[in-house]
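Down below is the structure, laid out as structure tokens.
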Amino acid sequence: MRVFVYDTTLRDGTQGENVAFSVADKLAIARRLDEIGIDYIEGGWPGSNPRDAEFFDRAKAELRLRRARLVAFGSTRHVANPVEEDPNVRKLVEAETPVVAVFGKSWNLHTERALRVTEQQNLEMIGSTVAHLKSLGREVIYDAEHFFDGYQSSREFAFRTLDAALSAGADCLVLCDTNGGTLTAHLSEIVADVREHFGGVIGIHTHNDCELAVANAIAAVELGATHVQGTMNGYGERCGNCNLISTICNLELKLGHTVLGRENVARLTAFANYVADMANLRLANGSAFVGKSAFAHKGGIHVSAVLRDAVTYEHVEPEAVGNVRRVLVSDLSGRSNITFKLQEKGWDDYLTAEARKQLLDRIKHLEFEGYELESADGSFELLVRQALAVEKDLFRLRTMNMSIRKRGIEHSECEVAMTVETPEGVRNATVFASGPFDAMAGALRRCLAKAYPAVAGIRLVDYKVRVLNPGKGTAAKVRVLINWTDHVTSWTTVGVSDDVLEASWNALRDSVRLELLRLEQPLPKPSVQLA
């Protein structure tokens, strides 16, 4: 069955906490939504705020959609206004979109207490608004707000609102679980009842307040709904909207419906990350199908089985959604984890069985001490390279003195004076910087510059500190993760200590050591290309 996708990330999604898009952001996301195969893109409510008004003004001149249809969203007319003179309806018309979505009240509680209108007035507001927009040649999607709550309060009242919209020419009747409180079994009964009594296109719009938005949307489709509304990554007010990413994957890969097409489904991991980046949010590792952890395996028994047949612990192939299989290395690892990681990086021919056992024992000891190698691929690579041969002294720290100056409210300045033994002799450097880690890294680079010119090309990308046992207060251990790049690949190393500067130095030292070992040992670099 063909299922049409209606994306409201640019309107309903922005009602989520910490989600905000500029007009330029919204235009860029709309273009990408079109490229990924979305059918309808709801751009916003042109009568509600200047940003959405500007979006539709710019969309007329700048947005050239190849497949998707742009939608302007708004309410039915006000009870006191003729439809032609209603300001909100005028804004919808002036947006000049091929599709307009209007919402109306399906719950008698809302007409009585929120709008304070009679049932007849409510029906006339719905019918006249839909009929007016249809007379102007627009495709009209009618969102029956609070439909499931309204149905439970008065089935007859809720049905009469749908009939008013359909009789006026609505192209699609969308049943909205606006409060997100309807359980799947009950929602299914209601959708089946609607499907039996109303022809035409039925849509579903669910919210995630009971963690059932995706399940409810899928249940509605299985009962005949062919229009699904939601947002990318489930962004939206309160607990969010129906997550279109996982809904599309389930409908296309599990149930065999035609939604975006398999080629576009395989682009969803990259797209989910793109939308998260535009929202300045981190895509949760545990996001179904597209999260970093969606196909990550940690337990040794699991990994052993996956190496034999991935179906044992994966419900779909990660490639089907553009994701990748990952095996994590930790204190829960078995030899299979090490084997997988070595094969993944093309290193499986370098370590003997005994060397692999020693590597695993070393990893488990480090994890016990507080290291986290799941997130530190560089530290894992360094351990592998160290296991290949007795490590030579690439460099050795002799002394490091640090001082921090602060005068009143002025910004602090850190000075690091460092002495390092290198193959070119003992080198000294003094660096001033705004923070201790920056000064430490700068001093080490200067000390190594003559012996190892390559260190000049590595740069810090990210620096994170986590307290491991906060109950110990200032005596707690800390874990420092630093991410580096040489402009071709990136890697992360980890340091642990009860002194944050010591932990930072350990992670810094290992990052530089790794880059130098890469230059000397034949082991190939991991093929992690930067965007």
Would you list which aspartates and glutamates come within 14 Å of residue 134, measuring only between C-alpha atoms, while excluding same-chain residues fewer than 8 positions from it? 84, 96, 171
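Take the solvent-accessible surface of the protein heavy atoms, probe 1.4 Å, and return the percent of it on the stretch 5-114 that carbon and sulfur atoms account for.
45 percent
Give me the percent of the accessible area of the stretch 238-278 that comes from carbon and sulfur atoms, probe 1.4 Å, all protein chains in place. List each step's numbers first, then the result.
Details: 700 of 1500 Å².
Of the solvent-accessible surface of the stretch 238-278, carbon and sulfur hold 47 percent.
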Quick one: which of 65-76, 395-406, 137-148 comes out on top by average Cβ neighbours within 10 Å, and what's the full order, highest first? 137-148, 65-76, 395-406
For the stretch 512-518, in residue order, the Karplus 3J(HN,Hα) values (coefficients 6.51, -1.76, 1.60; θ = phi - 60°; whole Hz; Gly and Pro = x) are 5, 4, 4, 4, 6, 5, 4
I'd like the per residue volume of the convex hull spanned by the Cα atoms of the stretch 113-210, given in cubic angstrom. 98 Å³
Apply the Karplus parameterisation 6.51 cos²θ - 1.76 cosθ + 1.60, with θ equal to phi minus 60°, to every residue of the stretch 249-264 and state each ³J(HN,Hα) to the nearest whole Hz, in sequence, with x for glycine and proline. 4, 5, 5, 7, 8, 9, 9, x, 6, 8, 10, 9, x, 4, 4, 6
Counting only residues 5 or more apart in sequence or on a different chain, those whose built amide H sits under 5 Å from that of residue 203 are 173, 174, 175
In whole percent, how big is the carbon plus sulfur part of the accessible area of the stretch 137-183, probe 1.4 Å, protein atoms only? 44 percent
How do 42-51, 232-241, 110-119 rank on mean C-beta neighbours within 10 Å, highest first? 232-241, 42-51, 110-119
Over the stretch 1-136, what relative contact order in percent results from Cα pairs under 8 Å that are six or more residues apart? 20 percent
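Using Cα pairs closer than 8 Å and at least 6 residues apart in sequence, work out the relative contact order for the stretch 25-96, in percent. Numbers along the way, then the final one.
Values: 91 pairs, mean separation 25.0, N = 72.
Value for the stretch 25-96: 35 percent.
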With a probe of 1.4 Å, find how much accessible area the stretch 31-182 has per residue, and write the answer as a whole number in Å². 41 Å²
Working from the alpha-carbon coordinates of the stretch 155-200, get Rg over Rh, Rh being the Kirkwood radius. 0.97
If we sort 216-229, 423-436 on the protection proxy, mean other Cβ atoms within 10 Å, highest first, what's the order? 216-229, 423-436
Karplus (6.51, -1.76, 1.60) ³J(HN,Hα), θ = phi - 60°, over the stretch 151-157, in Hz, Gly and Pro reported as x: 4, 5, 6, 7, 4, 5, 4
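The values are calculated or read from the model by the stated rules, or taken from the named source; none is laboratory data. Predicted model only: the values in this text are computed from it and were never measured. Heads up, the Cβs are rebuilt from the backbone with ideal geometry, glycines too, and the neighbour counts pull from every protein chain shown. For accessibility, only protein heavy atoms count, side chains too; no ligands or nucleic acids. Shrake-Rupley method; radii C 1.70, N 1.55, O 1.52, S 1.80 Å.
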